[in-house]
Amino acid sequence: MSILPPFNDDGLLPPADYELTFAELRSSLLVVGPPSSPSWDRDWRERLIDNLEVLTGQLWKVGIRNIFVDGSFAEDKDHPNDIDGYFTWGLPELSSGELVRRLNLLDPYKVWTWDPASRKSHRGYPKKQLPMWHHYRVELYPHVPGLGIGCGIVDRHGHELEFPSAFRQSRRDGKPRGIVSIKYGGQQ
């Protein structure tokens, strides 16, 4: 039995923060799928979770604990493109480049960057993607609480949102939705 509720009529998780371990996430509706969806791509979703766990483990090793994920992965979509997410962290280590340096010491592909110049095209996708997307099909962005920096996503009034707000609404119509908070599991 999943600790997540079923998708609502809009195909979204009902609005809330759902704190899950990786074991709980793997046995949840987001991976196992709804009973009425025979084309649910469980293998792909498990692979995305494996990749998310690699990146999350790297974040944990540098002291980051507040990690949130959603995107099409957290919707009633048989084959999501990827997993999107954000984590909270302080400005000094982020702006100095120290966080990126420490994370890239842990990652064999050196994917940790948010530099727009690092984005590359991928066949069939209109938007250029970050290196972490190309290697893991996961994008995790830093959020500095209280700084008021937007994430590029706007609300229905045209106001740029910060990650916590943007990730708790559907991109297609702005309806509120749930988000998964990854429960800290110790050093990996």
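Of note:
- Test: F68 is under 16 Å from I182 (Cα atoms), of a type outside the set (A, V, I, L, M), in contact with a helix residue (DSSP H, G or I) (Cβ under 9 Å, 6 or more places away or on another chain) and assigned to a helix (DSSP H, G or I): no
- Any hit, region 36-47, residues being touching a strand residue (DSSP E or B) at 6+ places or on another chain (Cβ under 7 Å) and at pLDDT 95 or above: no
- Taking (1) closer than 17 Å to Y141 by Cα; (2) within 14 Å of the chain's Cα centre (by Cα); (3) in a helix (DSSP H, G or I) in turn, D50 satisfies each apart from (1).
- The helices (runs of 4 or more DSSP H) falling completely within region 86-188 that include 3 or more residues that are within 27 Å of E24 (Cα to Cα) and modelled with pLDDT of 90 or more map to 131-136.
- Single residue of region 112-128 satisfying the filter (under 19 Å from V100 (Cβ atoms) and polar (S, T, N, Q)) that is farthest from the chain's Cα centre (by Cα): S118
The values are calculated or read from the model by the stated rules, or taken from the named source; none is laboratory data. This structure is a prediction, so every number in the text was calculated from the model and none was measured. FYI the Cβ positions are ideal-geometry reconstructions off the backbone, even for glycines, and counts take in every protein chain you see.
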